[in-house]
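The values are calculated or read from the model by the stated rules, or taken from the named source; none is laboratory data. Everything quoted here is computed from the prediction, not taken from an experiment. Cβ placement follows ideal geometry from the backbone for every residue including glycine, while neighbour counts extend to all protein chains displayed. Only protein heavy atoms, including side chains, enter the accessible area calculation; ligands, DNA and RNA are left aside. Shrake-Rupley method; radii C 1.70, N 1.55, O 1.52, S 1.80 Å.
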Amino acid sequence: MGIDMIIGLVIGVLLIWAGYIVRTKQALAFLAGFRESWEPVNKERLGNRVGILLIIIGVIAIFTSVFTIWFGATAGKVSGVLVIIDVVMIIMVIALDQIGY
């Protein structure tokens, strides 16, 4: 029980840190992995949006690790659905950036 909470907290902090880097430095190649083949239309706006969504995933990971103590597997299922929704939102943000919105 204790090691699971520590792993969740570490992963949450790392995701929040990655979101902060993307949001402030606009280091989208850090996340995208496309390096030369993909260039965002509006780098600042996309970096801000993706950074905030990554911070939200980090907060969900931290809350999941804490709430699993009391609620067990139910907390994991709920947070899994929330993370899937957040990942879909990240994909939508990138797609909206590509069409110029």
Inset, instruction - For the chain, with all protein chains present and a 1.4 Å probe, just round the carbon and sulfur fraction of the accessible area to a whole percent. - result: 73 percent
Inset, instruction - Quick one: angle between helix 73-98 and the longest Cα principal axis of the chain, in degrees between 0 and 90, rounded to 10, please. - result: 0 degrees
Legend entry - Rough spin-label spacing in nm, given labels placed 7 Å along Cα→Cβ, for Lys77 and Glu39: 4.8 nm
Inset, instruction - State in Å² the accessible area per residue of the chain; use a 1.4 Å probe, count heavy atoms of protein chains only, and round to the nearest integer. - result: 67 Å²
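Over the chain, what is the relative contact order in whole percent, taking alpha-carbon pairs under 8 Å and six or more residues apart?
36 percent
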Legend entry - For segment 45-59, Karplus couplings with θ = phi - 60° (6.51, -1.76, 1.60), whole Hz, Gly/Pro x: 5, 5, x, 5, 5, 5, x, 5, 5, 5, 4, 5, 5, x, 5
Inset, instruction - Give the angle, between 0 and 90 degrees and rounded to the nearest 10, that separates the Cα long axis of helix 2-25 from the longest principal axis of the Cα atoms of the chain. - result: 20 degrees
